[in-house]
Ligand code: FAD
Ligand code: MG
Ligand code: MG
Ligand code: MG
Ligand code: MG
């Protein structure tokens, strides 16, 4: 026992002497990874198995292939195909796994507080000592302070997908009952998605496809005419973090498919059988409306987990309300140097967007052989700059929509050009609006891979590093470069077609393209087993349609 709370300290794990390999690992530096999601799995797949005593702590014992989750809600894919047992991945890295939840960290003692429910149903806490701790705990659903979310479904985990599938089927079955009135039937068949980001849009598209392709085969045809799908979006466009062409494509596609998109709308309250929202009309006036519904998906972005909030509270310099801040070496700001890292959705890198932007401007001036301070940028050149900014900071796309308007607004002297000062002002304004990195699997994967490689280098550089001996913190900079994010493009699935946003290039392709793209793009995270299961699911669906049952 020990530590500030005098809890048992888990110096030894059950399987530490399981086999000669484990015994050999026992005295290696302790590396603890929190979470079994994209970030942690990328580390496990990159790490040299011999260098650390690795322990993964996560309340779930599987890795979930989230990009395909919307497909599982309507039976396009089987739920099992999207998960992979984490123990299999952990043991390949010669690590240990504890199915438990991390609840707190004692930063100076390097003790992780872990909670687990024992066989008697009691919650037990213990400390797990670490030399290096990696926070990869992801994020939770953002309630935005809206009332009645207990009447909504969410889409974060495999269990959520199962519940959605059951609910959709249940509504369809109930709609067929002779005792169901016409009005009640229309309500049961009114599906609402709150949130026009990729998850909401993909779910709406999958649902629409299922209703179109398979409903008629198994259910009375009359249902088709009574079904409605609605997407409620607070911004002016859906997929607003994507390229404008893509969000237009998605909107056109939905209009064609009769998926109703309600933009500039905010949900006020979700009741059992209806949803209340306010909508800004053309004149900018707000009107309150209601929509009867039989199903509501809440997918309006992410918020910090309890653990991350607790950690942020302990550290003065952690003031960001959305994520834990790290330096460019992914070390948690304010924690003892080199002992705690944060990756993926729970984190954000302080990367000084403004500096990058100034760099853009300077290099542009340099290319033109001009003095940056004396440069006058014309509208076509500004379009070029905007393109570059979008490429480097895809999250900025939403703020770079009305290029002509921005140009006019910041051309203070109205010369028809932007000088250095004006352009800098404009870019600073955009900088203040964007968060530094997107919350995507792509990013978590890259950060995990980066950290895995760095941990390998660190182990080589300081093979004997042991508990509390020396502070190896600044070794990070000596052995490896800073993290740099490479945006590989975004992709969303919209009703039998995919839209890509690939470094400013956008295009749309068939359904197969989605799956192909995704399997290439995540090749290292997805095992052969998962790929085979996915291929079987798709073939089955192509041949027989989806199974219309719970
Ligand atoms: P996660 O993958 O969420 O993993 C977090 C892990 O931490 C989980 O295992 C969780 O159980 C565990 N955990 C939580 N709390 C604790 C705790 N206290 N102690 C220990 N463990 C804990 N991204 C894309 O790039 N492309 C897509 O197409 C895409 N589609 C998506 C579709 C859906 C439906 C969803 C929900 C997300 C999608 N994303 C997509 C986003 C992507 O899934 C996330 O950005 C990614 O999962 C982040 O990885 P992570 O490792 O940070 O967190
Ligand atoms: Mg993770
Ligand atoms: Mg995950
Ligand atoms: Mg703080
Ligand atoms: Mg000017």
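Would you say residue 516 is away from ligand 4 (no atom under 16 Å from the Cβ), under 30 Å from residue 537 (Cα atoms) and either in a helix (DSSP H, G or I) or at pLDDT 60 or above (or both)? Steps first, answer last, please.
Values: away from ligand 4 (no atom under 16 Å from the Cβ): yes; under 30 Å from residue 537 (Cα atoms): yes; either in a helix (DSSP H, G or I) or at pLDDT 60 or above (or both): yes.
So residue 516 passes the test.
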| Those residues of the range 139-172 which are farther than 26 Å from residue 81 by Cα and without any contact (Cβ under 8 Å) to a residue 24 or more places away in the chain, in sequence order | 145, 150
| query | Which one of these is in contact with a strand residue (DSSP E or B) (Cβ under 8 Å, 6 or more places away or on another chain) and either at pLDDT below 95 or over 25 Å from residue 34 (Cα atoms) (or both): 172, 149, 107, 128? | reply | 149
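Of 40, 36, which residue is touching a residue at least 12 places away in the same chain (Cβ under 8 Å), buried (at least 23 other Cβ atoms within 10 Å of the Cβ) and part of a loop (DSSP other than H, G, I, E, B)? Walk me through how you get there before you give the answer.
Details: 40 fails: part of a loop (DSSP other than H, G, I, E, B).
Criteria check complete, one pass: 36.
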| query | (1) at pLDDT 90 or above; (2) within 14 Å of ligand 3 (Cβ to nearest atom); (3) surrounded by 19 or more Cβ atoms within 10 Å (Cβ to Cβ): which one isn't true of residue 60, the others all being true? | reply | (3)
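How many residues, within the range 349-365, are touching a strand residue (DSSP E or B) at 6+ places or on another chain (Cβ under 6 Å) and surrounded by 17 or more Cβ atoms within 10 Å (Cβ to Cβ)?
Counting residues in the range 349-365 that are touching a strand residue (DSSP E or B) at 6+ places or on another chain (Cβ under 6 Å) and surrounded by 17 or more Cβ atoms within 10 Å (Cβ to Cβ) gives 1.
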| Boolean, residue 107 is over 23 Å from residue 532 (Cβ atoms), more than 20 Å from the chain's Cα centre (by Cα) and buried (at least 19 other Cβ atoms within 10 Å of the Cβ) | no
| task | Taking residue 329 as meeting all but one of (1) at pLDDT below 85; (2) touching a helix residue (DSSP H, G or I) at 6+ places or on another chain (Cβ under 6 Å); (3) part of a loop (DSSP other than H, G, I, E, B), write down the number of the exception. | result | (1)
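Out of curiosity, is residue 74 surrounded by 21 or more Cβ atoms within 10 Å (Cβ to Cβ), assigned to a helix (DSSP H, G or I), away from ligand 4 (no atom under 16 Å from the Cβ) and in contact (Cβ under 8 Å) with a residue 40 or more places away in the chain?
On the way: surrounded by 21 or more Cβ atoms within 10 Å (Cβ to Cβ): yes; assigned to a helix (DSSP H, G or I): no; away from ligand 4 (no atom under 16 Å from the Cβ): yes; in contact (Cβ under 8 Å) with a residue 40 or more places away in the chain: yes.
Judged against the criteria, residue 74 is not a match.
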| Residues satisfying the stated conditions in the range 147-195, i.e. crowded, with 17+ Cβ neighbours inside 10 Å and in a strand (DSSP E or B) | 153, 190, 191, 192, 193, 194
| task | Inspect the range 265-286 for any residue being assigned to a helix (DSSP H, G or I), under 26 Å from residue 201 (Cα atoms) and more than 23 Å from the chain's Cα centre (by Cα) and give the result as yes or no. | result | no
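Table: residues versus (1) buried (at least 17 other Cβ atoms within 10 Å of the Cβ); (2) without any contact (Cβ under 8 Å) to a residue 24 or more places away in the chain; (3) over 24 Å from residue 113 (Cα atoms); (4) within 16 Å of ligand 3 (Cβ to nearest atom).
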residue	(1), (2), (3), (4)
270	yes, no, yes, no
282	no, yes, yes, no
291	yes, no, yes, no
296	yes, no, yes, no
309	no, yes, no, no
| said: Out of everything in the range 385-424 that is within 34 Å of the chain's Cα centre (by Cα), more than 18 Å from residue 246 (Cα to Cα) and loosely packed, with under 14 Cβ neighbours inside 10 Å, what residue ends up being nearest to ligand 3 (Cβ to nearest atom)? | reply: 405
| How many of the residues making up the range 287-317 are assigned to a strand (DSSP E or B) and either within 16 Å of ligand 4 (Cβ to nearest atom) or closer than 30 Å to residue 102 by Cα (or both)? | 4
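Does residue 444 satisfy the condition of being within 16 Å of ligand 2 (Cβ to nearest atom) and in contact with a strand residue (DSSP E or B) (Cβ under 6 Å, 6 or more places away or on another chain)?
Numbers: within 16 Å of ligand 2 (Cβ to nearest atom): yes; in contact with a strand residue (DSSP E or B) (Cβ under 6 Å, 6 or more places away or on another chain): no.
For residue 444, the condition - within 16 Å of ligand 2 (Cβ to nearest atom) and in contact with a strand residue (DSSP E or B) (Cβ under 6 Å, 6 or more places away or on another chain) - is not met.
Take residue 247 and decide whether it is at pLDDT below 90 and within 21 Å of residue 203 (Cα to Cα). Give the steps one after another, and end with the answer.
Numbers: at pLDDT below 90: yes; within 21 Å of residue 203 (Cα to Cα): yes.
It is true that residue 247 is at pLDDT below 90 and within 21 Å of residue 203 (Cα to Cα).
For the subset of the range 398-419 comprising residues that are part of a helix (DSSP H, G or I) and in contact with a strand residue (DSSP E or B) (Cβ under 8 Å, 6 or more places away or on another chain), which member is farthest from ligand 4 (Cβ to nearest atom)?
The initial filter retains those residues of the range 398-419 that are part of a helix (DSSP H, G or I), namely 398-400, 403-410.
Those still in the list that are in contact with a strand residue (DSSP E or B) (Cβ under 8 Å, 6 or more places away or on another chain) too: 407, 410.
Numbers: 407: 39, 410: 35 Å.
So the residue we want is 407.
The values are calculated or read from the model by the stated rules, or taken from the named source; none is laboratory data. What you are looking at is a predicted structure, and each value in this text was computed from that prediction instead of being measured. Counting neighbours? That spans all protein chains shown, and the Cβs are built from the backbone with ideal geometry, glycine included.
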